[in-house]
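Worksheet: one structure, shown below.
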Amino acid sequence: MLEIEDLSVMIGGKLVLDRINLRIAKGEVGALFGPNGSGKTTLLLAIMGSSKCKVLGGRIRYKGIDITEMPMDERARLGIGMAFQHPPSIRGVKTRNLLAMISNGMNLVDDMARELGMTELLDRDLNYGFSGGERRKSEILQLLLQRPEMILLDEPESGVDLVNIELIGKAINKLLGKEKKPDRNVSALIVTHTGHILEYVNADKGYIILDGRITCSGNPRDLLQHIRERGFRGCEECRCL
């Protein structure tokens with residue numbers, strides 16, 4: 001579904017990603033761990049095609065198509081969707097109106113908003129005055145209506161209280177088509193700082209990124225346990241093994 005080969009990316013004149021290699025298969029969910037400033041968000045932005053990212057080398061392929069130089073809107077039309085950790089607040093744009101545009105006017109907005117417990121937010125300006133948890137719900141609802149095949153989630157548990165994190169997890173599983181696992185073709189890459197979301201969403205493979213490079217991969221729960229016991233310093237010590 002997604003192939004990243006030797007990708008190097010600069011933001012604001014600083015090298016943030018250094019020869020990243022990563023593959024996500026059809027129907028596979030990857031979890032990306034790393035300390036603050038390691039390049040996790042930048043990797044998602046580069047996949048999505050953010051203008052902030054200057055690609056210095058390497059390739060990004062989606063379903064066999066080279067999208068390295070493709071603008072963000074074209075990537076979205078191909079089936080890539082992203083939930084941002086810090087989405088912008090837009091005055092004058094009602095949340096309901098944006099969701100109706102995403103869903104091509106289909107009568108799904110109210111039903112899905114009800115499932116996520118955000119009906120009261122529909123007639124408010126997009127993200128304006130929203131709490132962290134409300135922003136997460138808004139981003140996930142947009143993806144549910146967009147129905148992408150490749151989902152990028154930037155710290156979906158960030159700012160979410162214990163009551164709502166299970167709700168967010170269920171919505172992500174719905175996005176991933178977990179109830180139709182034999183025929184599942186939706187893939188995802190989830191950035192997580194705490195790993196809490198993995199208590200509700202099963203990841204197939206985990207990756208650790210340090211200083212802009214993927215240093216190791218494996219079972220995501222094993223990696224998370226290692227990080228909790230030894231911190232990222234332990235990952236630094238064994239990166240050469």
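The values are calculated or read from the model by the stated rules, or taken from the named source; none is laboratory data. Just so it is clear, the model here is predicted, and its values are computed rather than measured. When we count neighbours, we look across all protein chains shown, and the Cβ atoms used for this are built from the backbone with ideal geometry, even at glycine.
Criterion applied to G206, G231, G212, G132 was being farther than 28 Å from D6 by Cα and either touching a Leu at 6+ places or on another chain (Cβ under 8 Å) or at pLDDT below 90 (or both), and the one residue passing it is G132.
Would you check if I20 is more than 29 Å from R230 (Cβ to Cβ) and either buried (at least 17 other Cβ atoms within 10 Å of the Cβ) or basic (K, R) (or both)? No, not satisfied. Inspect the range 166-175 for any residue being of a type in the set (A, V, I, L, M, F, W, C) and under 19 Å from M1 (Cα atoms) and give the result as yes or no. Yes, because at least one residue in the range 166-175 is of a type in the set (A, V, I, L, M, F, W, C) and under 19 Å from M1 (Cα atoms). Considering (1) surrounded by 11 or more Cβ atoms within 10 Å (Cβ to Cβ); (2) under 25 Å from E157 (Cβ atoms); (3) more than 18 Å from the chain's Cα centre (by Cα), the lone condition that D110 does not fulfil carries the number (2). The combined condition, being under 20 Å from C216 (Cα atoms) and either of a type outside the set (A, V, I, L, M, F, W, C) or modelled with pLDDT of 90 or more (or both), is fulfilled by I4.
If you check S138 against the conditions, is it in contact (Cβ under 8 Å) with a residue 60 or more places away in the chain and of a type in the set (S, T, Y)?
Numbers: in contact (Cβ under 8 Å) with a residue 60 or more places away in the chain: no; of a type in the set (S, T, Y): yes.
Answer is no for this residue.
Considering only the range 85-105, I want to know if a residue exists there that is surrounded by fewer than 21 Cβ atoms within 10 Å (Cβ to Cβ), within 21 Å of I47 (Cβ to Cβ) and hydroxyl-bearing (S, T, Y).
Filtering the range 85-105 down to residues surrounded by fewer than 21 Cβ atoms within 10 Å (Cβ to Cβ) leaves 85-94, 96-98, 100-105.
With within 21 Å of I47 (Cβ to Cβ) added as a condition, the list becomes 85-88, 102.
If we keep only those that are hydroxyl-bearing (S, T, Y) as well, we get none.
No, the range 85-105 contains no residue that is surrounded by fewer than 21 Cβ atoms within 10 Å (Cβ to Cβ), within 21 Å of I47 (Cβ to Cβ) and hydroxyl-bearing (S, T, Y).
Scanning the range 51-67 for residues that are under 12 Å from L78 (Cα atoms), charged (D, E, K, R) and within 18 Å of the chain's Cα centre (by Cα) yields a count of 2. Residue check: is T41 among the polar types (S, T, N, Q) and buried (at least 19 other Cβ atoms within 10 Å of the Cβ)? Answer is yes for this residue.
Can E139 be described as over 20 Å from the mean Cα position of the chain (by Cα) and not in a loop (DSSP other than H, G, I, E, B)? Outline the logic, then answer.
Values: over 20 Å from the mean Cα position of the chain (by Cα): no; not in a loop (DSSP other than H, G, I, E, B): yes.
So E139 does not fit the description; no.
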